[in-house]
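The values are calculated or read from the model by the stated rules, or taken from the named source; none is laboratory data. What you see is a predicted model; the values in this text were computed from it and never measured. Cβ coordinates were reconstructed from backbone atoms using ideal geometry, including for glycine residues, and neighbour counts include every protein chain displayed. We work out accessible area using only protein heavy atoms, side chains counted, and drop any ligands, DNA or RNA first. Shrake-Rupley method; radii C 1.70, N 1.55, O 1.52, S 1.80 Å.
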Amino acid sequence: MADTVVTASRVISFAEALESRSEAFYTDLAERFPDARERFLAFAEDCGKNRVSLVRTYRETVSDALETGFSFQGLDLADYEIDTTLDEEATLNGALRQAVEMEAKAVAFHQTVAERSRSLLATIAMAFRRAARSRKRRKQTLESLLE
Amino acid sequence: MSILEEPIKDVLNVKNYVDGDWVDSGGERKDVVNPATGKTIATVPVSTTKELSRAVEAARDAFPLWREVPPLARARCMFRLKELLEENFEELSRIQTMEHGKTIDESRGETRRGIENVEVAAGIPSLMMGDYLEDIAAGIDEYLIRQPLGVFGMITPFNFPFMIGLWFAPYAVATGNCVVLKPSSEDPLCQTKIVELAEEAGVPPGVWNVVHGGLDVVSAMLDHPDIEGICFVGSTPVGRDVVAKRCGATGKRYIAQCGAKNFAVVMPDADIERTVASCMTSFYGNTGQRCLANANLVICQQDLSDEAYETFYQDVVDAFVAAAEGITLGYGLDESIQVGPLRDPGKKERVVGYIERGIEEGATLTLDGRDFEIVGDLPRDAFLGPTVFEDVTPDMAIAREEIFGPVASILKARDLDDAISMIHANPFGNAASIFTDSGSLARDFRYQVRCGNIGVNVGIAAPMAFFPFSGMKDSFFGTLHGQGQEAVRFFTESKVVIERWF
């Protein structure tokens with residue numbers, strides 16, 4: 001069943017988890033595929049930065065007068081769940097495909113939230129837009145690496 | 001359902017903080033109960049007047065040295081306090097939810113608002129500066145300096161247990177005064193935690209004291225000859241008939257921010273969807289226990305035909321009721337919750353009394369908050385759902401009196417002037433909002449309405465820390481307000497020096 005009651009707190013927790021899980025995913029990839037280690041570690045680091053930036057922005061701008069309980073009404077977080085479980089036998093190409101899928105969902109999530117959070121404060125929308133942009137660039141890089 | 005971890009695991013034994021020490025009180029103890037779970041999370045002392053006097057003495061004794069500390073050094077204490085509050089941001093927010101009942105988003109918002117006051121007070125070297133004018137007469141210069149006064153008493157309410165103490169204390173301390181603060185004994189934990197952090201930030205013993213208690217402590221504060229001024233936030237009868245009168249009699253300056261009955265006026269050109277979203281937070285956020293909450297929704301006909309007005313009216317009401325019906329109630333630490341319980345079952349009973357009165361007076365109960373569902377297995381004692389009344393007239397008690405709960409009264413107005421007349425006929429003057437696409441109507445509203453805080457397409461007209469928290473009529477007694485530059489002026493005396501050297 002779609003969970004249609006989504007408060008700002010839930011959105012931020014979801015975003016935090018999304019970035020943390022992505023960070024762990026890329027760290028795992030870095031260990032499994034030593035040839036692409038540096039690139040994957042850079043992606044992991046980027047996820048960490050997104051996580052810190054989103055949580056910090058929310059905490060620095062949230063106010064009791066904002067519509068935090070109502071701005072994301074109808075948003076279904078299940079649409080943006082990512083799969084970070086890597087198959088034991090996964091090839092580099094397979095892992096890259098999985099990463100591209102994950103990035104596509106993350107971009108969609110960050111863009112949707114950026115749009116929906118415009119009724120809060122501009123800084124929150126901007127933080128999500130920035131996260132969407134970094135994810136979009138990463139997706140393009142991953143796609144270019146696919147054989 | 002995802003419930004955040006509770007920061008309070010055992011029942012806390014709350015103490016007074018006097019002269020840099022945590023001291024037990026000889027008075028009785030009261031339970032502090034989490035209104036969502038019904039569990040006792042702390043016990044707080046009902047201190048004696050003697051214990052209050054001891055705190056005032058400590059503050060008085062600390063004052064001469066503290067005022068000599070350079071403003072820059074006092075500002076650094078504020079910077080350190082700000083950093084400590086940031087480090088403890090999440091814990092402080094969750095404590096608010098546990099002791100008050102509000103949702104975690106609301107608590108974090110309150111924490112932010114409180115911290116912003118500490119940030120503003122950290123600018124005290126600039127804010128406290130005086131003025132200087134040379135040659136007011138031949139060889140004579142004149143200048144103004146702002147000096148701290150001594151000890152200030154602060155009495156804070158239950159509805160914002162973290163933020164309201166910070167509307168005042170940081171400014172008082174940064175300007176070189178000392179404070180004795182009495183938090184609401186219903187939810188005293190945040191103020192206790194703040195003073196613990198103030199100590200860690202380097203605020204010396206005696207400068208920032210916290211004494212828990214009830215009416216005896218308040219009364220002793222009002223009469224104490226060593227207290228120069230009082231900051232009070234609470235009900236109008238106490239603010240007007242007790243605080244203002246007693247401070248007048250004893251020559252104290254005072255800020256008394258009191259009750260409210262706020263109107264939201266919706267014009268035909270308003271964006272209904274965004275207006276309703278804004279109204280949900282305003283009418284039902286903090287479970288309606290907010291002096292800036294809107295309580296009366298006035299839907300204006302203005303230049304619409306009768307038929308068009310009926311359609312517009314119904315569109316607004318339908319959207320409002322649909323949104324209110326969809327609100328989820330439960331424990332504020334559950335991130336899916338939009339509205340928490342009232343502070344305690346007694347407060348719920350009072351609000352239910354108003355719902356019954358509204359029915360008796362002939363209003364139509366469109367949405368009955370007494371019939372509600374809660375997420376989770378929680379006692380229902382303090383919960384109450386969003387309520388909507390239609391066919392309300394300005395003379396009814398539900399439209400006139402402060403309910404302080406999740407009850408919306410919908411009224412009709414012929415035009416903006418009619419709506420403004422309704423606002424002016426009400427004794428309160430804390431806040432009012434207009435929802436419109438017309439700059440001209442918004443300007444008229446802002447210009448004419450006698451309320452201290454005006455919202456234009458904003459449901460909660462809450463001033464930021466660098467603006468005064470205003471209020472008029474029965475919502476405010478005093479001259480200067482809390483927050484920002486006005487707070488700096490309240491906590492200092494303007495001394496003028498006229499100087500000539502032979």
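Between A and B, buried accessible area from a 1.4 angstrom probe totals roughly 2000 Å², ignoring ligands, DNA and RNA. Site pair residue B:72 and residue B:457 shows an inter-label distance of 4.5 nm when each label is modelled 7 Å from Cα along Cα→Cβ.
Translational diffusion of the stretch A:14-60, estimated by Stokes-Einstein from the Kirkwood radius over alpha carbon pairs at 4 °C in a medium of 1.567 mPa s, is 120 µm² per second.
Placing a label point 7 Å from the Cα of residue B:493 along the Cα-to-Cβ direction, the residues of the stretch B:148-173 whose backbone N falls under 12 Å of that point are B:148-151.
Taking a point 7 Å from the Cα of residue B:22 along the Cα-to-Cβ direction, the residues of the stretch B:201-217 with backbone N closer than 20 Å to it are B:201-213.
In percent, how large is the relative contact order of chain B, given Cα pairs closer than 8 Å and 6 or more residues apart? If you can, show how the numbers build up before the last one.
Working: 1195 pairs, mean separation 94.2, N = 502.
That works out to 19 percent.
Accessible surface of chain A, 1.4 Å probe: 48 percent of it comes from carbon and sulfur atoms. A simple spin-label model places pseudo-atoms 7 Å from Cα toward Cβ; at residue A:123 and residue B:466 they are separated by 1.2 nm. The accessible area of residue B:40, taken with all protein chains in place and a 1.4 Å probe, comes to roughly 50 Å².
In terms of overall dimensions, the C-alpha atoms belonging to the stretch A:33-147 reach 50, 26, 22 Å along their principal axes, ordered largest to smallest. Of all lysines in the structure, the ones whose alpha carbon falls short of 19 Å from that of residue B:252, not counting any fewer than 8 places away in one chain, are B:182, B:495.
With a 10 Å cut-off around each Cβ of A:68-76, the average count of Cβ atoms from other chains is 5.
For chain B, the gyration tensor built on C-alpha atoms gives an oblate shape. Its axis ratio a/c (a ≥ b ≥ c) is at least 1.5, and a/b is not larger than b/c. Using a simple spin-label model with pseudo-atoms 7 Å out from Cα toward Cβ, residue B:397 and residue A:31 lie 6.7 nm apart.
Can you give the extra length, in nm with one decimal, that the chain gains between residue B:216 and residue B:381 once fully stretched, where that is 0.36 nm per residue apart less the Cα-Cα distance?
Numbers: separation 165, 0.36 × 165 = 59.40 nm, distance 2.90 nm.
Stretched out fully, the residue B:216 to residue B:381 stretch lengthens by 56.5 nm.
If you take the Cα atoms of the stretch B:359-502, find Rg, then find the Kirkwood Rh from the mean of 1/r over all pairs, what is Rg/Rh?
Details: Rg = 21.0 Å, Rh = 18.5 Å.
Reported Rg/Rh (Cα atoms, Kirkwood Rh): 1.13.
Over the protein assembly as shown, dividing the summed -39,500 (n - 2.57) contributions of all DSSP H runs of at least 4 residues by the number of residues returns a 222 nm mean residue ellipticity of -14000 deg cm²/dmol. If R0 equals 30 Å, the separation of the Cβ atoms of residue A:105 and residue A:60 corresponds to a calculated FRET efficiency of about 0.65. By how many degrees, 0 to 90 and rounded to 10, does the Cα axis of helix B:345-360 deviate from the longest principal axis of chain B? Once rounded, the angle reads 40 degrees. Computed over the stretch B:52-149, the range of Cα coordinates on each principal axis works out to 64, 33, 20 Å, biggest value leading. Report P(r) for the stretch B:164-211: all Cα-Cα distances, bin width 10 Å, range 0 to the bin holding the largest distance, values in whole percent. Histogramming the stretch B:164-211 at 10 Å steps yields 26, 63, 11 percent. Note on the stretch B:1-160: Lys pairs 8 or more places apart or on different chains, Cα atoms under 17 Å apart, count 5. Between 0 and 90 degrees, the angle of helix B:104-121 with respect to the longest Cα principal axis of chain B falls at about 30 degrees.
Based on alpha-carbon positions alone, could you give the equivalent ellipsoid semi-axes of the stretch B:284-344 from the gyration tensor, as √(5λ), descending, whole Å? Kindly include the intermediate steps, with their values, before the conclusion.
Values: eigenvalues 197, 39, 8 Å².
Equivalent-ellipsoid dimensions as semi-axes: 31, 14, 6 Å.
Per residue, the accessible area of the stretch B:279-341 comes to 25 Å² when a 1.4 Å probe rolls over the protein heavy atoms. Both the radius of gyration and Dmax for the protein assembly as shown are 26.8, 95 Å, in that order, over alpha-carbon atoms. Taking a point 7 Å from the Cα of residue B:53 along the Cα-to-Cβ direction, the residues of the stretch B:212-235 with backbone N closer than 16 Å to it are B:216-227.
Quick check: with the 1.4 Å probe, what order do B:272, B:255, B:3 take by accessible area, largest first? Each step should come with its number before you reach the end.
Working: B:272 45, B:255 0, B:3 90 Å².
Result of the area sort, largest leading: B:3, B:272, B:255.
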